[in-house]
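Data block below; observations after.
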Amino acid sequence: MMEWWQTLSLLLGSLLILMVLGMPVAFAFLAVNLVGAFVFLGGISGIEQLVINTTGALTSFTLVPIAMFMIMGEVMFRSGIANDVMDALDKWFGRLRGRLAFMAVGGGVLFSTLTGNSMGSIALLGSSLVPEMQKRGYKKPMTLGPILGSAGLAIMIPPSALAVVLGVVAELPIGRLLIAIILPGLLMAVLYALYILGRCTVDPDVAPSFDVEKAPMSERLIATARHILPIGIIVFAVVGFIFLGIATPTEAAASGAVATVLLALFKRRLSIKLFSESLFESSMISVMILLIVAMAIAFTQLLAFTGATYGMMDMVMNLPVSPKMIVLAMVFSIIILGMFMGPLPIMLITLPIFVPVVIEFGFDPLWFAVLFLIAIETGSTSPPLGAGLFVMRAVAPKGTTMANIYSAAVPFLICDFLAIALVFVFPEIVTWPVSLMFD
Amino acid sequence: DEIRMNVVSFTPKTAAVSDGFHRFIEAMNKEFEGELELNWRGGPEVMDPFRMADAVRNGAMDMALMSPSYYSGLVPSSPSSNISLKSYEEIYATGYYDRMTEIHDERGLVYLGEIPASDVNFFIFLKEPVDNYTDLEGKRIRVWPAVLPFVKGLGAQPLVLPIGEIYTAMERGVIDGFVQGNLGWAEQFEDVVNYYITPPIYRAGFNVIVNPRKWSRLPDDLQQRVQAYLREELAPELDKGWDPVIEAGNQEVANAGFQEIRLSDADAEAYLDIAIEQAWADLETKIDPALAAELKAMLVD
Amino acid sequence: MTALSEPKTGLYDGVMRLFSRINFALACIAAVVLLCATSFVFLEILSRFFLGKSQIWVIEISSYSLLYMTFLGAPYMLEKQRHVAIDLLTDALGEPWRSRLAFVMSLLAALICGVLTWYGTAVAWDQFQFGTREASLLAPKSYWLTIVFPIGMGLMTVQFIDQAIKSLRG
Ligand code: NA
Ligand code: NA
């Protein structure tokens, strides 16, 4: 019998080696899954089961919005809607350096109200904003980074399917949890903005100011009416539909896609050719993302079956340190798991073990739940294996390397760690809004 | 030599309904110590619950603890055990479990027996009150395939949504209600659920299915003792052992402030009749009608 | 493709062009599948809002669409070498090591896809013979879903073999 850490390092190690040797990510997962299924799941039966598990992982309605947000992103980019919005913003914030990077964070916050799925956010913002920003001379740290950072806010600002699932699995009141995540989510957005401000000041090259003259007020208002307000229609087709109870969060991705297409048609920017191109590209990028997601799910199941993930949990729980330090160790283990596992399996594996202990220690489980969500969000954009990074690689313009993405992600990860530290030290960030709303 | 089996369950180990699985695994390992060891590897985090029966059939997994409706694609008549209001012992007396053994055998599975939960039932949960079940007509109710015929039979609009979306859909009014057991979740939903209808419908019971090749490695004598122990001794015990779990569930429902909408005796009878008859009518379209009639005679008076 | 190289490699290139057409055709189908799935979900929203009726098949169909889209589109993306890869080491390596590494990796990936094509077909065939259905509302025969897996894997096996050969040719 292998020890859990031997199994874990063997499976993860072979995965990493294959990836570094240049095997495409999805196929590196597939290779490890194949051998792992053969070894751990009973030979040929295991391989047959791998086929069944992989196809099963993809027949999931929860993944559908990723593809639909891709349609939104592609149509916005190709029809010039994204370009128009940035032009209009230039008219308002002519001399503000890094304004588009701020907009990426703002967009992240905005779209995080649209979705509960950070993959969808990265797909949407990465495909619509990144090409435009690079065209305007922004360097990769200021195009890829802010989106990677802020897309994760999708799970920190309601509606958040992940927070709801966490509430169900950890047996926490969902209404309170949805309130509890808001302030930490905004805190993260502020940290990202502060970083952008600092970086642009220290290193002006990353965000050229290409002094656009501040346009006269009348021109600004016209540009806003023509280019920014219509975006409101798309936002309404998503958020409004959810809020009014017309669509569920998953379905709302479809109404958003349709609204984007209609808007592009209305602006006379969408020929049949352009539409087919957008559709083709969005389905192809979805294919890349979904293939990785499906293979990663099967990999995660394999890890759980071998007991490797449970072994790691056990170790964390039995560390000979103070309760606060154990909670911190839990948070770090979630970040580590988040690098190569999807959020749902992490929750199923860790929450039932962690939450009772947190309660036993006398901590507020809502506080822990918020730390948990930030940690999952952090892990999903952590090098080398964070799935969000691969999604970004899939949607980013040609010539973007993984190294570009890794280095762009790091500063925003530091912001995430800072957010974790702040919430950890000041639980009031979580408990105060909740007590305000419910007590 | 001790034979070890890898086991998966369709629910996470910590779910309220997994209580019966804990008791099952513990009792089995104690009773057959040194002969048979069940190693419960986990739940949905290990494998998609809808693929577990396939894994048992092809041998990737040795045993699975399943909701019968989760593998109706492999054994179409398996969901029948839910469409009943009887207790385990009443059903046992009819020979139903022997019949299910034959049916599973034809479909490449060993049916070891049931982890019964006859007192674990299902309710309709609602945000807005109704006076009678007839008021449910036109309401949008979230279902899963097994309870769809019932909801249709009430004249309501059945909707299929992922579990993770129920909360938001209730909160925003996309759905008016949903069908669910009452174990282990009420307090999380206190903001969006206000009412539930009684009497509850159907019965729960979870099937223990085993891979035939693995099963054949057990000596004949052990096979017989294991099956007899589960069906004759353990299952009746398990069936009666749910009280603390159900009590906890009821307590949660009370704490969450859900109000009971109790149907009058006559209405309750009609309501249960719709539940049972619609589900059977649906099953009759999916399996051999003669088999359906045979099973129905065992499960419904 | 120059006219000069045709006599030597004509048949091989011809076959690969055929596969290329198949890949592209399947990718187009994948795009149409996505269009249909999005339209269905949108129509479900409209149907519920205006007619008060829910089309209960929509969720199931759109999740099957996802499976089909992925495996129909994946071979085309592989042909265009657009699947996400970590390029840190491969970018740093010079020739001839880069080609050699690409050869080994492509061959290994071809082997893996080949094995999964075989067992994917075996699973689909077994489901066909056994009459397995999905445990869902529409309860389609399972092989209708599984079959797209070996189709995609088979085409990807061919593509990886092609990549291996091309990396040898330099
Ligand atoms: Na982030
Ligand atoms: Na959100």
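The values are calculated or read from the model by the stated rules, or taken from the named source; none is laboratory data. This is a predicted model, so every value here is computed, not measured. Backbone-built Cβ (ideal geometry, glycine too); neighbour counts: all protein chains shown. Just so you know, the surface numbers come from the protein's heavy atoms only, side chains and all, with ligands and any DNA or RNA stripped out. Shrake-Rupley method; radii C 1.70, N 1.55, O 1.52, S 1.80 Å.
Just to be sure, is residue A:183 within 13 Å of ligand 1 (Cβ to nearest atom) and either away from every other protein chain (no Cβ under 14 Å) or in a helix (DSSP H, G or I) (or both)?
Taking the combined requirement at face value, the residue does not satisfy it.
Return the total of residues in region A:12-30 being part of a helix (DSSP H, G or I) and open to solvent by 10 Å² or more (accessible area, probe 1.4 Å). Don't jump to the end; show me each part of the working.
Pass one, region A:12-30, residues part of a helix (DSSP H, G or I): A:12-20, A:25-30.
Add one more test, that the residue is open to solvent by 10 Å² or more (accessible area, probe 1.4 Å), and what stays is A:12-14, A:16-18, A:20.
Residues in region A:12-30 being part of a helix (DSSP H, G or I) and open to solvent by 10 Å² or more (accessible area, probe 1.4 Å): 7 in total.
Could you name every one of the helices (runs of 4 or more DSSP H) located completely within region A:290-407 that has at least 3 residues being within 24 Å of residue A:191 (Cα to Cα), within 16 Å of ligand 1 (Cβ to nearest atom) and hydrophobic (A, V, I, L, M, F, W, C)?
Result: A:323-340, A:365-380, A:387-395.
If I go through region A:349-408 residue by residue, how many of them are among the small types (Gly, Ala, Ser), under 20 Å from residue A:316 (Cα atoms) and open to solvent by 30 Å² or more (accessible area, probe 1.4 Å)?
Within region A:349-408, residues that are among the small types (Gly, Ala, Ser), under 20 Å from residue A:316 (Cα atoms) and open to solvent by 30 Å² or more (accessible area, probe 1.4 Å) number 1.
When you check residue A:47 against the structure, is it β-branched (Val, Ile, Thr), crowded, with 21+ Cβ neighbours inside 10 Å, more than 16 Å from ligand 1 (Cβ to nearest atom) and under 25 Å from the mean Cα position of the chain (by Cα), yes or no?
On the way: β-branched (Val, Ile, Thr): yes; crowded, with 21+ Cβ neighbours inside 10 Å: yes; more than 16 Å from ligand 1 (Cβ to nearest atom): yes; under 25 Å from the mean Cα position of the chain (by Cα): no.
Judged against the criteria, residue A:47 is not a match.
Filter region B:277-291 down to the residues that are crowded, with 19+ Cβ neighbours inside 10 Å and of a type in the set (A, V, I, L, M, F, W, C) and list them by number.
Answer for region B:277-291, where residues must be crowded, with 19+ Cβ neighbours inside 10 Å and of a type in the set (A, V, I, L, M, F, W, C): B:279, B:280, B:283.
Please go through region B:109-141 and pick out each residue that is farther than 30 Å from residue B:231 by Cβ, assigned to a strand (DSSP E or B) and out of contact with any helix residue (DSSP H, G or I) (no Cβ under 6 Å at 6 or more places or on another chain).
Those that are farther than 30 Å from residue B:231 by Cβ, assigned to a strand (DSSP E or B) and out of contact with any helix residue (DSSP H, G or I) (no Cβ under 6 Å at 6 or more places or on another chain): B:124, B:125, B:126, B:140.
Is there any pair linking a residue in region C:69-93 that is within 7 Å of chain A (Cβ to nearest Cβ) to one that is open to solvent by 50 Å² or more (accessible area, probe 1.4 Å) and not in a helix (DSSP H, G or I), with Cβ under 6 Å and at least six apart or on different chains, and which?
none
Pick from A:281, A:219: which is farther than 30 Å from residue A:421 by Cβ, part of a helix (DSSP H, G or I), open to solvent by 40 Å² or more (accessible area, probe 1.4 Å) and more than 14 Å from chain B (Cβ to nearest Cβ)?
Exactly one residue qualifies, and that residue is A:219.
Could you list, in sequence order, the residues of region A:416-439 that are under 15 Å from the mean Cα position of the chain (by Cα) and surrounded by fewer than 22 Cβ atoms within 10 Å (Cβ to Cβ)?
Of region A:416-439, the ones under 15 Å from the mean Cα position of the chain (by Cα) are A:416.
Result: no residue meets the conditions.
Take the residues in region B:158-174 that are open to solvent by 20 Å² or more (accessible area, probe 1.4 Å) and more than 15 Å from residue B:127 (Cβ to Cβ), then tell me which one is modelled with the highest pLDDT.
This residue is B:160.
Suppose we filter B:223, B:227 for residues that are open to solvent by 30 Å² or more (accessible area, probe 1.4 Å) and over 22 Å from the mean Cα position of the chain (by Cα); which single one remains?
Criteria check complete, one pass: B:223.
Test of understanding: among C:116, C:89, C:78, C:111, which residue is open to solvent by 40 Å² or more (accessible area, probe 1.4 Å), assigned to a helix (DSSP H, G or I), at pLDDT 95 or above and more than 30 Å from residue B:103 (Cβ to Cβ)?
C:111
Of everything in region A:230-256 that's assigned to a helix (DSSP H, G or I) and facing chain B (nearest Cβ under 8 Å), which residue is farthest from the chain's Cα centre (by Cα)? Before you say what the answer is, go through the steps one by one.
Here is the first cut: in region A:230-256, the residues assigned to a helix (DSSP H, G or I) are A:230-243, A:249-256.
Among the residues that remain, those that are also facing chain B (nearest Cβ under 8 Å) are: A:242-243, A:249-250.
Working: A:242: 20, A:243: 22, A:249: 16, A:250: 16 Å.
The qualifying residue farthest from the chain's Cα centre (by Cα) is A:243.
Out of all the residues in region A:140-165, which are within 13 Å of ligand 2 (Cβ to nearest atom), in a helix (DSSP H, G or I) and away from chain B (no Cβ under 13 Å)?
A:150, A:151, A:152, A:153, A:154
Among the listed residues A:109, A:190, A:168, A:130, which satisfies the condition of being within 14 Å of chain B (Cβ to nearest Cβ) and assigned to a helix (DSSP H, G or I)? Don't jump to the end; show me each part of the working.
Details: A:109 fails: within 14 Å of chain B (Cβ to nearest Cβ); A:190 fails: within 14 Å of chain B (Cβ to nearest Cβ); A:130 fails: within 14 Å of chain B (Cβ to nearest Cβ).
From the options A:109, A:190, A:168, A:130, the qualifying one is A:168.
Under 27 Å from residue B:167 (Cα atoms), open to solvent by less than 30 Å² (accessible area, probe 1.4 Å) and away from ligand 1 (no atom under 15 Å from the Cβ): which single residue out of A:72, A:76, A:86 fits that description?
Unique residue meeting the criteria: A:72.
Going by the structure shown, is residue A:259 part of a helix (DSSP H, G or I), out of contact with any Cys (no Cβ under 6 Å at 6 or more places or on another chain) and within 26 Å of residue C:153 (Cα to Cα)?
Answer is no for this residue.
Determine if region B:181-200 includes at least one residue that is more than 8 Å from chain A (Cβ to nearest Cβ) and at positive phi.
Let us first name the residues in region B:181-200 that are more than 8 Å from chain A (Cβ to nearest Cβ), namely B:181-183, B:186, B:193-200.
Imposing the further condition that a residue be at positive phi reduces the set to none.
No, region B:181-200 has no match at all.
Given the structure, is residue A:125 open to solvent by less than 10 Å² (accessible area, probe 1.4 Å), within 14 Å of chain B (Cβ to nearest Cβ) and either within 15 Å of ligand 1 (Cβ to nearest atom) or at pLDDT below 75 (or both)?
No: the conditions fail for residue A:125.
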